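Here's the structure we're looking at; comments come further down.
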Amino acid sequence: MSIAELKNEIHKAVDKMPERDLKELLDLINKKQYWDDSAIEEHVDAIISENKELLQKLAQ
């Protein structure tokens with residue numbers, strides 16, 4: 001499926017959704033945009049650097 005076809009199918013599906021579900025869908029899309037691979041990698045790197053000493057002790 002091409003990008004245009006995918007977008008068209010998404011529009012059709014959204015048009016059929018009950019209004020009460022639209023906010024939840026928007027929240028899900030926004031979360032997906034926020035948690036892309038680079039963001040996850042940055043968070044993991046930060047966790048590792050903040051806890052480097054503890055992780056080294058646990059590894060021993």
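Nothing in this text is a laboratory measurement; each read-out follows from the coordinates by a stated rule. Just so you know, these numbers come straight off a predicted model, no measurement behind them. Every residue, glycine among them, receives a Cβ derived from its backbone with ideal geometry; neighbour counts consider all protein chains shown.
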| query | Where the eigenvalues come from the Cα gyration tensor of region 18-59, what are the semi-axes √(5λ) of the equivalent ellipsoid, largest first, in whole Å? | reply | 36, 10, 6
| query | Residue separation times 0.36 nm, minus the C-alpha to C-alpha distance between residue 19 and residue 1: what's the value? | reply | 3.7 nm
| query | What residue among 50, 24, 41 shows peak mean-square fluctuation when the chain is described by a Gaussian network model with Cα springs under 10 Å? | reply | 50
| query | When we measure straight from the Cα of residue 23, which lysines land under 24 angstrom away, once same-chain ones fewer than 8 places off are left out? | reply | 7, 12, 31, 32
| request: Determine, for each peptide in 42-49, 16-23, the mean count of other beta carbons within 10 angstrom over its residues, then list the peptides with the highest first. | output: 42-49, 16-23
| Taking θ as phi - 60°, what are the ³J(HN,Hα) couplings along region 47-60 by the Karplus curve (6.51, -1.76, 1.60), each to the nearest whole Hz, with x for Gly and Pro? | 4, 5, 5, 5, 10, 4, 4, 5, 5, 5, 5, 5, 6, 7
